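Below: the structure, in structure tokens.
The numbers here are math on the coordinates, done by the rules we state, and not lab data. Predicted model only: the values in this text are computed from it and were never measured. Virtual Cβ from ideal backbone geometry, glycine too; neighbours counted across all protein chains shown.
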Amino acid sequence: MPAIFTVDPRSGVPLYLQVIEQVKRAVALGTLAPGEQLPTVKSLALDLTVNPNTVARAYRDLERDGIIETSPGRGSFVRANGAPGEALRAAEDVAAALLGESVRQAKALGLERPRIAALLEDVLGRWFPEIGEE
């Protein structure tokens, strides 16, 4: 399997959360198909140059969230029989993480909640114009 995951130790985001976000994104986008096998903990840890416990934690959390399933002796797989809307939930999780990071950065720039909310409304208006405004 080609390396589709990367981590940035300088990002400030824990490495296991970076792995979780990337797996959820790959599932949401269909890059990882239902039933597809994930790299083993050991091989992904070697590819990413991280501690295997980091990958194991990410896989445990992904399994708890119903994104993957692990079969002892066989490996970890994208859940093939996930609940309806599993890809949508994965996409929402990724979007929430991205929006959260954007809000954190806006707050770090000194913007207050009302201004951030107004900016978000402006951006939403550009992406989702009301009927008759197109």
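Taking every C-alpha pair closer than 8 Å and separated by at least 6 residues, the mean separation divided by the residue count of region 15-78 gives a relative contact order of 40 percent.
Taking R0 as 30 Å, what's the FRET efficiency between K42 and L88 from their Cβ-Cβ distance, rounded to 0.05? Each step should come with its number before you reach the end.
On the way: r = 32 Å, r/R0 = 1.05.
Computed FRET efficiency for K42 and L88 comes out at 0.40.
Label-to-label distance for W127 and S71 is 3.7 nm, based on points extended 7 Å past Cα in the beta-carbon direction. Here region 15-78 yields Rg over Rh of 0.92, to two decimals, using C-alpha coordinates and the Kirkwood radius.
If you take Cα Rg over 2.2 N^0.38 Å from the coordinates, which of (1) 1.09; (2) 1.25; (3) 1.15 do you get? For Cα Rg over 2.2 N^0.38 Å, the calculated option is (2). Exposure proxy shown here: for L44, L15, L124, L119, the number of other Cβ atoms within 10 Å sets the order, fewest to most, as L124, L119, L15, L44.
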